[in-house]
Amino acid sequence: MQIILTYLIPILGSTVYMATPLIFAGVGGAFSVRGGVMALGLESMLMCGAFCGVAGSFYTGSTAVGFLCGILGGTLIALLHAILCVRYRVNQVISGVGLNLLATAATTLMMQVIWNNKGSSEMVASVESMIGGPIPILNVQSFNFFVMLAVVALGWVTLFRTRYGLRLRMVGENPKAASAVGLRVHALKYSGVLICGALAGYGGAFLSLDQLNMFVRGMTAGRGYIAVAIVILGRYNPVNIVACALLFGFCDAVQIYLQGQGVPAQLIQMLPYLVTLIVLAVGVKRIQPPAGVGKHETD
Amino acid sequence: MKTSAKRILPRLWQSMERGGITISLAALLISLVCSAVILAVCGYDPLEAYAAIVTGAFGSQRGFAQMLTQATPLIFTGLAFTFAKKASLINLGVEGQMYMGALGAALVGTLDLGLPSLLHVLAAMLSGVIFGAAYGAVIGILKVKFGSNEVVAGVMLNSIATYIVGYLLNGPLLAAGSSVAQTEKVLTTAQLPRIFARYQVTVAIFIAIAACILIKWFIGKTTLGYEIRCVGLNRKAAETAGIRIGKALIVAMCVSGGIAGLAGVNQVLGVDRRLINSFSPGYGFNGIAVAALAADDPIGVIFAGVICGILRAGAMELNRTTGIPVEFVDVIQAMIVIFVSAPLLIKKLAKVRDVFPGGKKHAAAKEA
């Protein structure tokens, strides 16, 4: 009992906390893939969201504006991704990877310009308070916990219980047929990717404004790619995505907890990546992506 | 005279179009222009910056040597990416394979085997290649046997490789009395000879060029290369033709990883002469830009690697004089990756009309 109280509860608390940005990015990724556009650009959307969040907070001193800027930053990258993939028919993998490279390099450059330091930004106004209260695990979360719950619920309802969601999924399954029945394929694809960008941007801002209070170079550290794995593993369904994200959040939490316990830090930090790799190896064999991913209405 | 020029020029244009070189050059140009705008917005003078990059790479012997030093790993990583791309695999794990190659070279290079110089160098290089190839094969096996997404697997393996090397350099392999995470110096028998005594550029640049030519031959003239190309062009057709897809994919990742390993080998045996933690400023990812600029042609990789080497060496010089961060070059390279992959966008931007016969057909093929 004592062990549970001292070890398990804090770890579970930070499991949820670490999983939150992954859930934002994952639900966004579900929208993108369901609309037929691969979500490999998630890393860049997280990165840009994190950076713009800090920049917004830095210039206005307001965390709320920071989160808004984060959403805008993620959406901006998503817009580029959508224009490239939908309008100019770029290979979606290459576009995603290219944008990820661009975001990493551009944020470093911008840090040098704004803060004259390419390692980290100055500290800015960020989310300070936890919910508190008597419920364990919940009490260490911030208000973003509820935002996350709302996003998951709304995401699921939108994808599976609305006319828009049905249309988006049809475009993702068969753009040609969707076009034939008169759906606006391009507009729907754009909408899916932009929603992805907005949510991932918020997730990025969560990384920099909630978990931290600054932007650090390369701070997403592959979380965007982990989110891609989560999206696949969660079968492109927001509810399943939460479960998968919690698994990775747990690895992150254990990793943080184990640091300073005598095990070499590098081996511990490897854990989330190793788990992603193993899960990718054993968990995804029979998962089929929507049939129309990467296809165009004229194919 | 005039008629022959009239006849040759369209042909030259056509062959350039077919090789995708026009798209690459246009992408390079557009990226440079976009980056100039970014520089101007950031408050630097773009013309001055570009002039400084060129003089930085060519103005002095030191700059020139530095350019070749930077180009060497870029040619290797670009070639690694290109080779995997031939099997339509996106090998984002080049960085990790390079780290593993460096580790393999360092393990053998620091070990006193009592071998004569040439044999020791070869043994260390071979060890690096095997490490890189094995690490690349992991991605291939994950892809073939387990249906994993090779992009995500590659990125995860990158992180794992850097942590493994980081752990070894801070623990078991740490040089005695060193405050920095690095191995002991590689024995003199295992060092790659440098071309100029005072600069870091090594004979590996020739190995890189030879590797490009060898891979060109391998893809174009051998059965295995043909099979890999077939799998890359049309997996279903290749399967129908009796080609073993799984084998081709794993072999492609193996070779790609081995080449990436050579990039690390050169850094350890030639440039730094020891394995230093985080020795790479992202050569593995820069390789993607090199491959894009080379239009996925192994010979083109040589030139593309040199161009990116000029940019990086010049930017290091630039950073010293103006304070513009070296990452500026990464911005240019990321744009190259994006623009090269968007021929439709380039055509629109450049308003290229299909004036020559055959041009349109090629554009249509590219779209498909």
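Observations on the model:
- Accessible area buried by the pairing of B and A, both sides summed with a 1.4 Å probe, works out to roughly 3700 Å².
- For q = 0.05, 0.07, 0.08, 0.12 Å⁻¹, Debye-computed log10 I/I(0) when each Cα of the protein assembly as shown counts as one equal scatterer: -0.23, -0.46, -0.60, -1.41
- For segment A:1-102, the solvent-accessible area with a 1.4 angstrom probe is 31 square angstrom per residue.
- Close lysine pairs were tallied over chain A: pairs 8 or more places apart or on different chains with Cα atoms under 25 Å apart number 4.
- Amide H contacts for A:Gln141 (H built 1.01 Å from N in the peptide plane; partners 5 or more residues away or on another chain; cut-off under 5 Å): A:Ile131, A:Gly132.
- Carbon + sulfur, % of accessible area of segment A:69-168 - ligands and nucleic acids excluded, 1.4 Å: 68 percent
- Whole-Hz ³J(HN,Hα) from phi, Karplus 6.51 cos²θ - 1.76 cosθ + 1.60, for segment B:84-97, glycine and proline x: 5, 5, 4, 9, 6, 9, 9, 8, 7, x, 4, 4, x, 5
- Spherically averaged projected area in nm², based on the convex hull that wraps the Cα atoms of segment A:194-299: 8.9 nm²
- Accessible surface comparison of B:Phe76, B:Phe146, probe 1.4 Å, protein chains only, largest first: the order is B:Phe146, B:Phe76.
- Site pair A:Val263 and B:Ala176 shows an inter-label distance of 3.2 nm when each label is modelled 7 Å from Cα along Cα→Cβ.
- Accessible area per residue (1.4 Å probe, heavy atoms of protein chains only) ranks B:Val268, A:Val147 as A:Val147, B:Val268, with the largest value leading.
- Dividing the mean sequence gap of close Cα pairs (under 8 Å, 6+ apart) by how many residues segment A:146-299 holds gives a relative contact order of 31 percent.
- The largest-to-smallest principal axis extents of the Cα set in chain B are 68, 58, 40 Å.
- 14 Å beta-carbon shell around A:Asn144, net charge (K/R +1, D/E -1): -2
- Taking amide H as placed 1.01 Å from N in the peptide plane, the amide H of B:Tyr199 sits under 5 Å from none that are at least 5 places away or on another chain.
- With a cut-off of 13 Å between beta carbons, the residues surrounding A:Val193 carry a summed charge of +3, where Lys and Arg count +1 and Asp and Glu -1.
- Drop in accessible area of at least 40 Å² in the complex versus isolated chain, residues of segment A:109-124, 1.4 Å probe: A:Leu109, A:Gln112, A:Val113, A:Lys118
- Enclosed volume per residue, in Å³, of the convex hull spanned by Cα atoms of segment B:222-350: 148 Å³
- Taking A:Arg89, A:Arg235, A:Arg169 as the candidate residues, the one with maximal mean-square fluctuation in a Gaussian network model of chain A, Cα springs under 10 Å, is A:Arg89.
- Segment B:153-169 - phi-based ³J(HN,Hα) in whole Hz, Karplus 6.51/-1.76/1.60, Gly and Pro as x: 4, x, 5, 4, 5, 4, 4, 4, 5, 5, 5, 4, 4, x, 5, 4, 6
- Between segment A:234-253 and segment A:1-77, the alpha-carbon center distance in angstrom: 13 Å
- For B:Lys247, the aspartates and glutamates whose Cα falls under 13 Å of its own Cα, not counting residues fewer than eight places away in the same chain, are B:Glu227, B:Glu239.
- Summarising the amide proton neighbourhood of A:Leu212: residues at separation of 5 or more, or on other chains, whose placed amide H is nearer than 5 Å comprise an empty set.
- Each of A:Val65 and B:Ala210 was given a label point 7 Å from its Cα along the Cα-to-Cβ line. The distance between the two points is 6.2 nm.
- Sequentially through segment B:144-149, phi angles give Karplus couplings (6.51, -1.76, 1.60; θ = phi - 60°) of 6, 7, 10, x, 6, 6 Hz, Gly and Pro residues having no value and appearing as x.
- Of all the options A:Ala39, A:Ala227, A:Ala253, the one that moves most in a Gaussian network model of chain A with Cα springs shorter than 10 angstrom is A:Ala253.
- Rounded to 10°, Cα long-axis angle of helix A:9-34 versus longest principal axis of chain A: 10 degrees
- Cα long-axis angle, helix A:163-173 against chain A (0 to 90 degrees, to the nearest 10): 80 degrees
- Theoretical FRET efficiency, 1/(1+(r/R0)^6), r = Cβ-Cβ of B:Ala241 and A:Arg163, R0 35 Å, to 0.05: 0.20
- Highest mobility in the GNM of chain B, judged by mean-square fluctuation with C-alpha springs under 10 Å and restricted to B:Gln200, B:Gln61, B:Gln191, is found for B:Gln61.
The values are calculated or read from the model by the stated rules, or taken from the named source; none is laboratory data. Computed from a predicted model, the values in this text were never measured in an experiment. All Cβ positions, even for glycine, are placed from backbone atoms using ideal geometry, and neighbour counts span all protein chains on display. Keep in mind that these areas ignore ligands, DNA and RNA; they rest on the heavy atoms of the full protein, side chains included. Shrake-Rupley method; radii C 1.70, N 1.55, O 1.52, S 1.80 Å.
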